[in-house]
Amino acid sequence: MAADVTRLTATLDRSFWLAAAAGTLLVALVLGVPSAVIPNPFFTRMTPTEPVNVAVWLASAPLAGLLLATYVARRGPAALDAHADAGGGRATLGGIASYLAIGCPICNKIIVGVLGVSGALNVFAPLQPLIGGASLALLAATLAWRLRMRARGCARCAAASTGGSTPLVALGRPE
């Protein structure tokens, strides 16, 4: 466990943290402006912002920013790592779910089209905190998985792509 933390810490260089900070700011704006969690002259909410909307927004922005950094700030040639782009679908789904969780229920045209305005307020709005929790869990789990992959590296995949073989001893495991 301590060796994993040491290997992970070695991969979290300055470029990773800069990408994470920029990603966090970008995600905060992309989620906050159209959902009007950040008051702005371009979008208006039909329902007031709930505290859970703000909480999900504030929690999902850094999680998604860190996730973006795992894709942007790579170490070594990405061509050698077959798993360099893995988890993108889960990260996207987590981001979309975060947006649904913080948005105004009657401003969502799809929800209003399917459920009507009263259904959006009486059915979808009570589900938003659950959607928010699920999105945060998905983003956190995907981030933990991506960081474990980053710390571990993929020596087996690198050896396979170059045609060599990597014994298990080289990976830190007995044969």
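Structural remarks
- In summary, R173 fulfils each of the numbered conditions (1) modelled with pLDDT under 75; (2) within 15 Å of L31 (Cα to Cα) with the single exception of condition (2).
- Criterion violated by C107 - all others in (1) modelled with pLDDT of 90 or more; (2) in a loop (DSSP other than H, G, I, E, B) satisfied: (1)
- Of the residues making up the stretch 108-141, those that are of a type outside the set (A, V, I, L, M, F, W, C) and under 27 Å from the mean Cα position of the chain (by Cα) are N108, K109, P126, Q128, P129, G132, G133, S135.
- Matching entry among P48, P39, P34, P62 (being under 20 Å from A144 (Cβ atoms) and surrounded by fewer than 20 Cβ atoms within 10 Å (Cβ to Cβ)): P62
- Helices (runs of 4 or more DSSP H) enclosed by the stretch 1-72 - at least 1 residues per element that are closer than 23 Å to A120 by Cα: 14-32, 51-72
- Set L93, L68: member being under 16 Å from G133 (Cβ atoms), surrounded by fewer than 21 Cβ atoms within 10 Å (Cβ to Cβ), modelled with pLDDT of 80 or more and in contact with a helix residue (DSSP H, G or I) (Cβ under 7 Å, 6 or more places away or on another chain): L93
- The C-beta contact set for the stretch 99-116 (first residue closer than 22 Å to L138 by Cα, second residue among the basic types (K, R) and surrounded by fewer than 17 Cβ atoms within 10 Å (Cβ to Cβ), distance under 9 angstrom, 6+ apart or interchain) comprises G103/R45; C104/R45.
- Evaluated against (1) modelled with pLDDT of 85 or more; (2) surrounded by fewer than 20 Cβ atoms within 10 Å (Cβ to Cβ), T11 falls short on exactly one condition, (1).
The values are calculated or read from the model by the stated rules, or taken from the named source; none is laboratory data. Here the structure is a predicted model, which means the values were calculated and not measured. Cβ atoms come from the backbone with ideal geometry, glycine included; neighbour counts cover every protein chain shown.
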